[in-house]
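The values are calculated or read from the model by the stated rules, or taken from the named source; none is laboratory data. These numbers come from a predicted model, not from an experiment. In this analysis, Cβ positions are derived from the backbone assuming ideal geometry, glycine residues included, and neighbour counts consider all displayed protein chains. Only protein heavy atoms, including side chains, enter the accessible area calculation; ligands, DNA and RNA are left aside. Shrake-Rupley method; radii C 1.70, N 1.55, O 1.52, S 1.80 Å.
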Amino acid sequence: MTLSPLTLFRCMRHRRGFGIHSPFAFRFVTEVLAQRLPYYGYADISGDPRIRLLFRLTVYFRPTTVAVFSSEPQLLCQAIHKASPGTHITNTSRPDFIVADAADFPPEAYSRFIAGGASALILNALPATRREIASKIPHGMIFDNRRSTLVVASLSHLPRQDFDVWF
């Protein structure tokens with residue numbers, strides 16, 4: 001997928017926090033999504049950038065329950081347990097956080113989980129998946145890297161905003 005020069009510029013600016021006026025979004029982008037310094041648990045998990053992103057998200061959100069929808073959940077679960085040993089992996093209807101591979105998670109299920117207040121990390125997200133989620137969440141922020149990963153912070157105290165960010 002090729003990006004327009006304007007979208008590319010916006011992604012690079014937002015990665016450094018420029019143009020982001022929300023205090024939550026600025027902190028989230030600079031300290032979690034675009035963090036390049038190693039976290040304490042990186043030595044124990046895969047070197048895959050998406051697995052490391054999941055580790056950082058788990059440390060940040062501290063969910064008590066996580067639903068994992070992937071054809072290969074072992075690496076994802078390992079990163080979650082290293083980041084937060086007390087977190088339970090579940091497939092209940094009301095998890096705090098969702099980790100989903102778009103190929104293994106039906107698009108209609110997003111609205112059910114996100115409407116329940118769950119934040120999400122969506123891997124291999126297609127443009128149709130992005131549009132579906134953006135149209136369904138009533139509040140919260142979507143952070144899109146415009147390549148394959150989408151992070152949804154579906155928190156009730158956040159206004160509805162979308163950000164294009166390199167991470």
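Take Ser71 and Ser156, extend 7 Å from each Cα along the Cα→Cβ direction, and tell me the distance between the two endpoints in nm.
Taking the two extended label points, one gets 3.8 nm.
Could you check which residue among Ala109, Ala79, Ala153 shows the biggest mean-square fluctuation in a GNM of the chain with a 10 Å Cα cutoff?
Top of the fluctuation ranking is Ala109.
Using R₀ = 35 Å, calculate the FRET efficiency as 1/(1 + (r/R₀)^6) where r is the Cβ-Cβ separation of Ser135 and Ser46; round to 0.05.
The computed FRET efficiency comes out at 0.60.
Determine the percent antiparallel among the DSSP beta bridges restricted to the chain, to the nearest 5. All intermediate terms of the calculation are to be shown ahead of the outcome.
On the way: 8 of 23 bridges.
Taking every DSSP beta bridge within the chain, about 35 percent pair in antiparallel fashion.
Per residue, how much accessible area does the chain show when a 1.4 Å probe rolls over the protein heavy atoms, in square angstrom?
50
With a 10 Å radius around each residue's Cβ, average the other Cβ atoms per peptide and rank 139-146, 29-36, highest first.
Details: 139-146: 19.9, 29-36: 16.1.
In decreasing order of mean packing, 139-146, 29-36 become 139-146, 29-36.
Show that you can apply the helix-only estimate: for the chain, add -39,500 (n - 2.57) for every DSSP H stretch of four or more residues, divide by all residues, and state [θ] at 222 nm to the nearest 500. If you can, show how the numbers build up before the last one.
On the way: 6 runs with 59 residues, N = 167.
Value at 222 nm, helices only, nearest 500: -10500 deg cm²/dmol.
Quantify, in whole percent, the carbon and sulfur part of the accessible surface of the range 50-167 (1.4 Å probe; protein heavy atoms only).
Of all accessible area on the range 50-167, carbon and sulfur atoms account for 52 percent.
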